[in-house]
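See structure below.
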Amino acid sequence: MITTTVCSGRGASPRPLRRFREEELDSGSELCLRGSSVAIIGAGQGMGEASARRFAQAGARVIVMDIDRRRAENVAQSIVAAGGNARALTVDVLDDENLIAALERARVEAGGMLEHLVTIVGMAGWSRLTEMSGEMWDAEQARNLRYFFIAARTVALMDPAPERRTITAIASVDGIRSAPFHAAYGAAKAGLVNLVKSMCIEWAPMQIRINAIAPGAIVSPRIPLADEASERARFSRIPAGVRGHPDDIANAALFLASPLASYITGQTLAVDGGLTALGPLDYSDVLAGMPGSGQTLGQ
Ligand SMILES: NC(=O)c1ccc[n+]([C@@H]2O[C@H](COP(=O)([O-])OP(=O)(O)OC[C@H]3O[C@@H](n4cnc5c(N)ncnc54)[C@H](O)[C@@H]3O)[C@@H](O)[C@H]2O)c1
């Protein structure tokens with residue numbers, strides 16, 4: 001049982017974090033989220049899109065949020081066409097006012113209450129630390145860490161609040177191990193790993209569970225699957241032997257939001273095929289092809 005005397009949030013009293021009820025596990029599937037809503041930010045493609053589909057399959061009403069309206073609409077429409085429940089909303093996580101207003105709209109679209117939030121947006125900028133500008137440092141914190149704080153705080157303060165809520169951030173294995181040549185990204189992702197711990201303590205009395213997922217090397221629209229030989233050459237050090245799939249992240253996100261994870265909060269779950277069990281990777285191939293400070297999504 002989690003008990004804490006640390007209490008924050010409006011009117012929250014220090015009550016033990018509620019666990020699942022037996023009848024919820026009798027509902028046919030322990031991963032059933034029927035009757036609840038989820039806002040997924042960055043759900044227009046890749047692991048965000050996979051998460052949107054997974055939550056919809058589990059019966060949740062999904063608010064598909066992305067800066068790219070067309071992507072968000074395509075994902076929402078295809079979920080609806082498959083018999084699920086979804087709405088599309090545009091949002092720019094780099095604009096606080098826009099982010100807060102979009103989450104408020106998401107709450108209304110969700111029928112008045114948001115039970116779950118998943119934040120997918122993130123991006124790695126590549127640069128040696130000696131060549132890194134202050135602007136680049138700030139940009140990495142903004143698009144990987146700061147917006148998560150704003151989004152999570154907005155959801156935590158929503159009124160009315162559902163009985164129980166979950167918030168899940170997408171961090172990275174680079175927030176757990178070192179992140180040479182993209183150190184600002186690694187520091188921001190490490191910030192997420194730490195922030196979910198503080199939020200878990202401050203917000204447990206508000207019946208909110210907060211966790212992070214640390215993906216390893218995942219196939220994504222920006223870094224698609226290459227031919228077998230190239231994949232083997234580049235990713236052979238992953239103990240699992242292959243890169244992960246966006247569904248691997250979606251499955252972890254669904255698990256963390258589900259009643260099965262009702263005693264899990266403040267944690268970072270590495271979904272990495274064993275990558276964090278290794279030491280730092282060899283980035284020499286990336287550096288060799290790096291014209292100054294390149295940038296790419298992921299890792
Ligand atoms: N792909 C990997 O190998 C990998 C590894 C570790 C961690 N990650 C993390 O996983 C997450 C997803 O990475 P990805 O490469 O799969 O991303 P992606 O490019 O597949 O998806 C990101 C989505 O976010 C949207 N987006 C971008 N900027 C936005 C903004 N300002 N406001 C709202 N939406 C915005 C994009 O339109 C896109 O649909 C990131 O947080 C990344 O750091 C990825």
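Values quoted throughout were computed directly from the atomic coordinates according to the rules given, and no laboratory measurement underlies them. Given the structure is predicted, the values throughout are model-derived calculations rather than measurements. Virtual Cβ from ideal backbone geometry, glycine too; neighbours counted across all protein chains shown.
Over what distance in Å are the Cα centres of segment 156-209 and segment 66-135 separated? Cα centroid to Cα centroid, the span is 16 Å.
Largest GNM mean-square fluctuation across Ala188, Ala212, Ala102, computed for the chain with C-alpha springs under 10 Å, falls on Ala102.
Summary of packing: across the peptides 282-288, 199-205, the per-residue average of other C-beta atoms within 10 Å ranks them, highest first, as 199-205, 282-288.
Mean shadow of segment 76-208, computed from the convex hull of its alpha carbons, in nm²? Display every interim value, and only then the final one.
Details: hull surface 37.1 nm².
Over all viewing directions, segment 76-208 projects a mean Cα-hull area of 9.3 nm².
Share of antiparallel DSSP beta bridges in the chain, in percent to the nearest 5? Please report the intermediate quantities before stating the final value.
Values: 2 of 32 bridges.
Here the share of antiparallel DSSP bridges comes out near 5 percent.
Amide H contacts for Ile167 (H built 1.01 Å from N in the peptide plane; partners 5 or more residues away or on another chain; cut-off under 5 Å): Leu117, Arg209, Ile210, Asn211. Rounded to the nearest 10 degrees, the inclination of helix 69-81 to the longest alpha-carbon principal axis of the chain is 50 degrees.
Could you sort 36-43, 144-151 so that the peptide with the highest average Cβ count within 10 Å comes first and the rest follow in order? Don't jump to the answer; show the numbers that get you there.
Working: 36-43: 28.2, 144-151: 22.2.
Listed from highest to lowest mean packing, they are 36-43, 144-151.
Taking Cα atoms only, the orientation of helix 46-57 departs from the longest principal axis of the chain by about 30 degrees.
Between Ser78 and Gln267, full extension at 0.36 nm per residue minus the direct alpha carbon distance yields a gain of 64.8 nm. Helix 147-156 versus the longest principal axis of the chain: what angle, 0 to 90°, nearest 10, using Cα atoms? Around 10 degrees separate the two axes. If the elastic network links every pair of Cα atoms under 10 Å, which of Arg107, Arg34, Arg232 fluctuates the most in the Gaussian network model of the chain? Result: Arg232 has the largest fluctuation of those listed.
Two decimals is fine: what's Rg over Rh for segment 31-290, C-alpha atoms, Kirkwood radius as Rh?
Numbers: Rg = 17.8 Å, Rh = 18.5 Å.
Rg divided by Rh gives 0.96.
For the pair Asp95 and Ser198, the difference between a 0.36 nm per residue extended length and the Cα-Cα distance amounts to 34.7 nm.
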